[in-house]
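One structure below.
No lab work stands behind these numbers, since they all come straight from the coordinates. If you're wondering where the values come from, they're calculated on a predicted model, not measured in any experiment. Virtual Cβ from ideal backbone geometry, glycine too; neighbours counted across all protein chains shown.
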Amino acid sequence: MVKAAVCCVLCGMLIPAIPAAAQTRSAQVFSRADVQRELQVLEATVKAKGSGGMTLGDYSSHKLMLSERSTTGEAEVHAHFDDIMVVIDGSATLITGGHLIDAHTRGDGESKGTGIRGGVKQEVATGDIIHIPAGTPHQLIIPRGVIFGAFVVKVRE
């Protein structure tokens, strides 16, 4: 319940910061109950698969998403999206910069790799806000036994 409340409060802080031209024609509210329900569904997926995500809204300039994971995922570089993350649960080590190891690029411009060589490590935890510009290699290292949750705004470049 706490992470849903944090998410709702932070959503209210971030969404007005997106330029008016990028807004939809009508306001959209994601209630605490709606967010909490989605997080419960994600938790079941995380227990089964190690990670899960869902899109709250997809607009012409940005996406609003929820993400949870209990395992470390691949390193990645987004060619066309900045990531803004608000950590709503757990902690992780964020590695940014450097170069992807064993990189492969998909048709949509997304690059993935097995890790990062030469990046900078930072500890992130509940309440932290993270901005990762498009083109920046990044990876979250999730400690064993931790569920890391984030509200994510993907801003199209």
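Listed values, structure above:
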quantity: Extension reserve of the Ser91-Gln36 stretch, reckoned as 0.36 nm per residue once the Cα distance is removed; calculated: 17.9 nm
quantity: Which of Ile129, Ile116 has the fewest Cβ neighbours within 10 Å, and the rest in rising order; calculated: Ile129, Ile116
quantity: For the stretch 116-124, 3J(HN,Hα) per residue [Karplus equation, 6.51 cos²θ - 1.76 cosθ + 1.60, θ = phi - 60°, Hz, x = Gly/Pro]; calculated: 10, 10, x, x, 9, 9, 9, 7, 10
quantity: Ranking of Ile142, Ile88, Ile101 by count of other Cβ atoms within 10 Å, fewest first; calculated: Ile101, Ile142, Ile88
quantity: Scaled radius of gyration (Cα, divided by 2.2 N^0.38 Å) that the stretch 63-140 gives; calculated: 1.05
quantity: Residue-wise HN-Hα coupling along the stretch 70-78, computed from phi with Karplus coefficients 6.51, -1.76, 1.60 (Hz; x: Gly, Pro); calculated: 10, 10, 5, x, 5, 6, 8, 9, 9
quantity: Whole-Hz couplings from phi, Karplus 6.51/-1.76/1.60, listed for the stretch 99-114; x for Gly and Pro; calculated: 9, 5, 8, 6, 5, 9, 10, 8, x, 8, x, 7, 10, 10, x, 7
quantity: About the Cα centre, charge dipole magnitude for the stretch 93-157 (Lys/Arg +1, Asp/Glu -1 at Cβ), debye; calculated: 100 debye
quantity: Residues Met65, Met85 arranged by fewest to most Cβ contacts within 10 Å; calculated: Met65, Met85
